[in-house]
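Student: Supplied in structure tokens, the structure appears directly below.
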Amino acid sequence: MKTGAKFYFSTWGILLALTVLMLVTEYLSLPRGFLLVLLAMAMLTKASIIGLNFMHLRSEKQILIWTVALGILITGAILFTLIAVDGNYILHHSAQ
Amino acid sequence: MHAQTMKMETQELSFEKETTFGVSWQKLMMWIFIVGDALLFAGLLAGYGFVRLASPSWPNQSEVFHLELIGVMTFVLISSSATMAAAVGAAQQGKRSQATKFILFTIIGGLIFMGMQAYEWSSLIGEGASLTANPWGVPLFGAAFFAITGFHGSHVLSGLIILAIVAIRNSSGRSTAAGVELAGLYWHFVDLVWVFVFTLFYLI
């Protein structure tokens, strides 16, 4: 298992840098679509770093890593996709 | 005979016994809890997404929230996660007093985070925000805000209670490195959820 102050310090630094980057984007007038993709990518990267380095998933068996990752990602994706479709429909429907 | 059975049962409950997943059953249970709890948050955030998509307009977050404050809150929580990781590392190396010290740093971080969240809540309530109404035009904005940040805040609070218990037990030599690691997993999960709340609620 990869541990030690240096490892945690560098992980902390990367997470902090990503957070600052995300905050800075709020003050730049970036196109909405590009901003959404950028923020979503930064969010998933941060979540993966916390899971892999701080929660030590990196050194666990593949079966545990995939159970956790797929369990959350697939169910989460289904939830968000279906609700997004429904939300869009309602917005469209109420506008008519 | 009875004593032998008891001994066997105790051995079966030990941290050393690995499951198919390559971890102790206690750690596996914590992971199962984390996945379940993560999906609970996913449900809340998806509900918020639905409300947001179905609303013709949504308040501009940078006008409602002090994003600098939210940035500092995020910094504090990430830092507390780093100190918790260091506590777990120290406990695994048998450095008990160092582990206790890092757990205490983590508790301080958690308390600062909660204090800032209390300040944010009281500021918004002072401006007229509640579960049913707010001055920014979309009634469900307040409901989504208080439900999501409140649910996360309750996790921070329970995490602090768990950490306080672990710190006391660790300092008196009653906890194991595996016990500290389980508390750490929960605390990192609280940090992990904040990554999603921070992005989806405050930034997007």
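Student: Counting only other chains, what is the mean number of Cβ atoms within 10 angstrom of the Cβ of each residue in peptide A:78-86? Please list the in-between numbers first.
Tutor: Working: counts 2, 8, 6, 1, 2, 10, 5, 1, 3.
Mean shielding count: 4.
Student: Highest mean first, what order results for B:130-137, B:67-74 on Cβ atoms within 10 Å? Don't skip to the answer; put the middle values down first.
Tutor: Values: B:130-137: 13.8, B:67-74: 17.5.
The peptides rank, most packed first, as B:67-74, B:130-137.
Student: Say we join alpha carbon atoms closer than 10 Å with springs in a Gaussian network model of chain A; which of A:Gly33, A:Gly71, A:Gly13 then has the biggest fluctuation?
Tutor: Highest fluctuation of the listed residues: A:Gly33.
Student: Also, I was wondering about something else. Can you flag which of A:Lys61/B:Lys17; A:Lys46/B:Lys27; A:Lys46/B:Lys95; B:Lys17/B:Lys95; A:Lys6/A:Lys46 are past 26 Å Cα-Cα?
Tutor: On the way: A:Lys61/B:Lys17 15 Å; A:Lys46/B:Lys27 23 Å; A:Lys46/B:Lys95 29 Å; B:Lys17/B:Lys95 23 Å; A:Lys6/A:Lys46 18 Å.
Flagged as over cut-off: A:Lys46/B:Lys95.
Student: Determine, from the Cβ-Cβ distance of A:Ser29 and B:Tyr119 and an R0 of 25 Å, the FRET efficiency 1/(1 + (r/R0)^6), rounded to the nearest 0.05. Intermediate results must be reported in sequence, preceding the final value.
Tutor: On the way: r = 30 Å, r/R0 = 1.18.
Once rounded, the FRET efficiency stands at 0.25.
Student: State which stretch of chain B is the longest one without any exposed trypsin sites (Lys or Arg not before Pro), exposure meaning a DSSP loop state and at most 11 other Cβ atoms within 10 Å. Each step should come with its number before you reach the end.
Tutor: Numbers: sites that count: B:Lys17, B:Arg174.
Here the longest segment lacking exposed loop sites spans B:18-173.
Student: For the residue pair B:Ser154 and B:Leu111, what label-to-label distance in nm results when each label sits 7 Å from Cα along the Cα-to-beta-carbon direction?
Tutor: If labels sit at B:Ser154 and B:Leu111, their model points lie 2.4 nm apart.
Student: Here is a follow-up. In what sequence do B:Ile112, B:Ile168 fall when counting other Cβ within 10 Å, fewest first?
Tutor: Numbers: B:Ile112 16, B:Ile168 13.
Listed from fewest to most nearby Cβ atoms, that is B:Ile168, B:Ile112.
Student: Kirkwood hydrodynamic radius, computed over distinct alpha-carbon pairs, for segment B:50-204: how many Å, to one decimal? Each step should come with its number before you reach the end.
Tutor: Numbers: mean 1/r = 0.0602 Å⁻¹.
Over segment B:50-204, the inverse of the mean reciprocal pair distance is 16.6 Å.
Student: Using R₀ = 25 Å, calculate the FRET efficiency as 1/(1 + (r/R₀)^6) where r is the Cβ-Cβ separation of B:Gln93 and B:Leu40; round to 0.05. Please list the in-between numbers first.
Tutor: On the way: r = 34 Å, r/R0 = 1.37.
About 0.15, to the nearest 0.05.
Student: Computed on alpha carbon atoms, what radius of gyration and Dmax characterise the protein assembly as shown, expressed in Å?
Tutor: Here Rg and the maximum Cα pair distance are 20.9, 78 Å.
Student: Could you list the residues of segment A:1-41 with an amide nitrogen less than 19 Å from a label point located 7 Å from the Cα of A:Leu73 in the Cα-to-C-beta direction?
Tutor: A:37-41
Student: Using a 10 Å cut-off around each Cβ of peptide A:43-56, what is the average number of partner chain Cβ atoms that fall inside? Present the calculation step by step, with values, prior to reporting the outcome.
Tutor: Numbers: counts 7, 3, 1, 9, 7, 2, 2, 10, 4, 0, 4, 14, 15, 8.
Mean number of neighbouring Cβ atoms from other chains: 6.
Student: Using modelled backbone amide H atoms (1.01 Å from N, in-plane), which distant-in-sequence or interchain residues come within less than 5 Å of B:Ser24's amide H?
Tutor: The list, which skips near neighbours in sequence, is B:Thr19.
Student: Right, next: Hey, any idea what Rg/Rh is for segment A:1-59, computing Rh the Kirkwood way over Cα pairs?
Tutor: That ratio is 1.09, to two decimals.
Student: If you don't mind, there's one more thing I want to ask. Fewest first, what order do B:Asp37, B:Asp191 take by the number of other Cβ atoms within 10 Å?
Tutor: So the ranking, lowest neighbour count to highest, is B:Asp37, B:Asp191.
Student: What's the exposure ranking of B:Phe145, B:Phe105, A:Phe34, going from fewest to most Cβ atoms within 10 Å? Intermediate values should be presented prior to the final figure.
Tutor: Details: B:Phe145 23, B:Phe105 17, A:Phe34 10.
Exposure proxy ranking, most exposed first: A:Phe34, B:Phe105, B:Phe145.
Quick note: the coordinates plus some simple rules give every number you see, no bench work behind them. Everything numeric here is computed off the predicted structure, so don't read it as measured data. All Cβ positions, glycine included, derive from the backbone under ideal geometry; neighbour counts span all protein chains shown.
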